[in-house]
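The values are calculated or read from the model by the stated rules, or taken from the named source; none is laboratory data. In this text, all values refer to a predicted model and were calculated from it rather than measured experimentally. Ideal geometry is used to build each Cβ from the backbone, glycine not excepted, and the neighbour counts take in all protein chains shown.
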Amino acid sequence: MEPDKRRDQDWTPTWLERVRRRVQRWCATGAGTTWIVAVSGGGDSVGLVRVLHRLAPELGLTLSVAHLDHGTRGEAARADAAFVHALAGSLGLPLDLGQWRPTRARHFEADARRARYSWLLEIAAARGASAIAVGHTRDDQAETILHRIIRGTGLRGLAGMPPQRVLSWDPPVTLIRPLLSVSRQAIRTSLGSLGQSFREDASNADQARTRARIRHDLLPRLAQEYNPRVAEAIVRLGMLAGASERVMERHLIELEHDATRLLSHDQIELRRDRLLQSPLFLRAEVLRRVWRLAGWPEAGMSAKRWRRLASLAHSQRISRMAIGCGIELTTTGAGGCSPNGFVLRRVGGNGSSSCRPAPIELIPMEIPGCVPWGTGTITTLLEPSAPRDETIDLDRIVPSLCVRAPIPGDRFEPLGMKGRSTPLNDFFRGRSIVPEERARTPLLCDAAGIVWVVGHRIADRVKVTEQTRRTLGLRWQVDPRGWECAM
């Protein structure tokens, strides 16, 4: 199975340049250059490892292959593992093989997905990798969006799978999908021109599974009877939904900051007059956001319950109501609430496992890139001549960057304190920032902690020194007349 090296060097599929640009950008913006490539042996993952192997010398990538046996296909699975072993060997790439056995037949797909990513994270940690590449294609994206439409979804679900997302912050590992803009057929055509074989997983054709029926029945029928390019149309819808969701996210952050009077792990107080200026679905989303920021559990909160909670902002009759999981709603001046107040208070269940704080919401920040926040935009810039508020040492960032709100217990190492940390609230107090504004102040963070208290000060550890070789500009623009985030 030794590849023809001359043929491999000349192999230039039509979609190669798109993938190269995306991979190059990721390498420069937090994904690093040491990658694990998840290879099942199917056409998509084989296409992925071949194209990354083709780009590796140019982009300085260090690759290794990982293959997990999901324990359901017996001899066929062993043949897949042997195929991947031979492929990795022919490319001169190290290989990790793993095995997993399902324990719940009715939950196989969800359990297998969790087991796969958990194992891949273990392999990434062992090999010091900062990224895990998977072979999802444009067709996979169309299937995902269509599946969500069938089950019921909102704008966020319609956006489909992101090209990248953080899998782990400690150590920092990013999941990346380099082939998400490439069709499955284009990949297989390119593999044919290279003379590269691949394996077919018979279980993918098992139409007892919803995803397989979408792939082998629904999408082909839509293409044949309605639109030959239906997959492209669905993916385009996903891109538009994603863009719309980001715009709505900006409005939600503005409404959240405008309506929130107090936010802590024990109590959320909001202004009813500000909430009632927005439609019900926006009020529901704001309540979901501040609920999550407070660290309260969401498992029992369905879309219907969020809408019902949002509708209670109208009520003049309710003084106190139990929401569940120890959360109590207070309105119309009851319990010390102002007449215009809408208070959610945690009054019990602090020790319950079902009421453990949920993870804080992290908004990924690319380099260069921007994130809308409230009435402004946070931007990272590589161009030295571009206007900026702060300049930091790019090489001192621990990938990846994100933007989030402050949370109780945050500590900060302000510039000038020579690495000594202080509670973030003490920093806010020293700068005379009132409590109502603290929860609205965005933080630019990396895997090591706070990089920039936006609009105030950078961390001492990222300051520019005589040893600095690469810099990153930071900018906070209030009330911009238009913004566009790097994708």
- Message: Checking the structure you have, find out if any residue of the range 72-84 is aromatic (Phe, Trp, Tyr), assigned to a loop (DSSP other than H, G, I, E, B) and surrounded by 15 or more Cβ atoms within 10 Å (Cβ to Cβ).
- Response: no
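Being touching a Leu at 6+ places or on another chain (Cβ under 7 Å) and either in the same structural domain as ALA202 (by TED's automatic domain parsing) or among the aromatic types (Phe, Trp, Tyr) (or both) is true for just one of HIS70, HIS85. Which residue is that? Please lay out each step first, then the result.
Working: HIS70 fails: touching a Leu at 6+ places or on another chain (Cβ under 7 Å).
From the options HIS70, HIS85, the qualifying one is HIS85.
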- Item | Where ARG272 falls short, out of the listed (1) within 20 Å of the chain's Cα centre (by Cα); (2) more than 18 Å from PRO435 (Cα to Cα) | (1)
- Task: Tell me the helices (runs of 4 or more DSSP H) entirely within the range 164-248 that contain at least 2 residues that are modelled with pLDDT of 90 or more.
- Result: 184-194, 219-225
- Selection count, the range 399-420, where residues are surrounded by fewer than 19 Cβ atoms within 10 Å (Cβ to Cβ) and in contact (Cβ under 8 Å) with a residue 60 or more places away in the chain: 2
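Take ARG114 and decide whether it is part of a helix (DSSP H, G or I), over 25 Å from VAL51 (Cβ atoms) and under 28 Å from the mean Cα position of the chain (by Cα). Spell out how you get there, then give the answer.
Numbers: part of a helix (DSSP H, G or I): yes; over 25 Å from VAL51 (Cβ atoms): yes; under 28 Å from the mean Cα position of the chain (by Cα): yes.
Against the criterion (part of a helix (DSSP H, G or I), over 25 Å from VAL51 (Cβ atoms) and under 28 Å from the mean Cα position of the chain (by Cα)), ARG114 qualifies.
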- Message: Let me spell it out: the conditions are (1) within 28 Å of THR377 (Cβ to Cβ); (2) outside the structural domain of PRO13 (by TED's automatic domain parsing), and TRP169 meets all of them except one. Which number is the exception?
- Response: (2)
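If a residue has to be part of a helix (DSSP H, G or I) and either β-branched (Val, Ile, Thr) or crowded, with 21+ Cβ neighbours inside 10 Å (or both) to count, how many in the range 26-52 make the cut?
If we filter the range 26-52 for residues that are part of a helix (DSSP H, G or I), which is where we start, we get 26-31, 43-52.
Retained after the next criterion (residues that are either β-branched (Val, Ile, Thr) or crowded, with 21+ Cβ neighbours inside 10 Å (or both)): 26, 29-31, 43-52.
Final tally of qualifying residues: 14.
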- Task: Report, by residue number, each residue of the range 137-162 that is part of a loop (DSSP other than H, G, I, E, B) and touching a helix residue (DSSP H, G or I) at 6+ places or on another chain (Cβ under 7 Å).
- Result: THR137, ALA159, GLY160, MET161
- Task: Mind listing just one residue for me: the one in the range 436-487 that is among the polar types (S, T, N, Q) and outside any loop (DSSP other than H, G, I, E, B) and, of those, modelled with the lowest pLDDT?
- Result: GLN477
- Log entry, pairs with first residue in the range 129-155 being closer than 25 Å to VAL173 by Cα, second being surrounded by fewer than 23 Cβ atoms within 10 Å (Cβ to Cβ) and of a type in the set (Asp, Glu), beta carbons closer than 8 Å, six or more apart or on different chains, reads GLY135/ASP44; HIS136/ASP44; THR137/ASP44; ARG138/GLU232; ASP140/ASP44
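Return yes or no: is GLY32 in contact with a Lys or Arg (Cβ under 9 Å, 6 or more places away or on another chain), of a type outside the set (A, V, I, L, M, F, W, C) and modelled with pLDDT under 95? Let's see the steps before the verdict.
On the way: in contact with a Lys or Arg (Cβ under 9 Å, 6 or more places away or on another chain): no; of a type outside the set (A, V, I, L, M, F, W, C): yes; modelled with pLDDT under 95: yes.
Against the criterion (in contact with a Lys or Arg (Cβ under 9 Å, 6 or more places away or on another chain), of a type outside the set (A, V, I, L, M, F, W, C) and modelled with pLDDT under 95), GLY32 does not qualify.
Taking the condition surrounded by fewer than 20 Cβ atoms within 10 Å (Cβ to Cβ), modelled with pLDDT under 85, among the polar types (S, T, N, Q) and in contact with a helix residue (DSSP H, G or I) (Cβ under 6 Å, 6 or more places away or on another chain), does SER315 pass? Break it down into steps so the answer makes sense when it comes.
On the way: surrounded by fewer than 20 Cβ atoms within 10 Å (Cβ to Cβ): yes; modelled with pLDDT under 85: yes; among the polar types (S, T, N, Q): yes; in contact with a helix residue (DSSP H, G or I) (Cβ under 6 Å, 6 or more places away or on another chain): no.
Taking the combined requirement at face value, the residue does not satisfy it.
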- Message: Kindly evaluate GLN164 against the criterion of being more than 16 Å from ALA31 (Cβ to Cβ) and not assigned by TED's automatic domain parsing to the domain that holds ALA447.
- Response: no
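Results for (1) in a strand (DSSP E or B); (2) over 30 Å from SER311 (Cα atoms); (3) modelled with pLDDT of 80 or more; (4) in the same structural domain as PRO171 (by TED's automatic domain parsing), shown as yes or no for each residue.
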site	(1), (2), (3), (4)
VAL343	yes, no, yes, no
GLY349	no, no, no, no
ILE367	no, yes, yes, no
THR379	yes, yes, yes, no
ALA386	no, yes, yes, no
VAL398	no, yes, yes, no
ASN425	no, yes, yes, no
PHE428	no, yes, yes, no
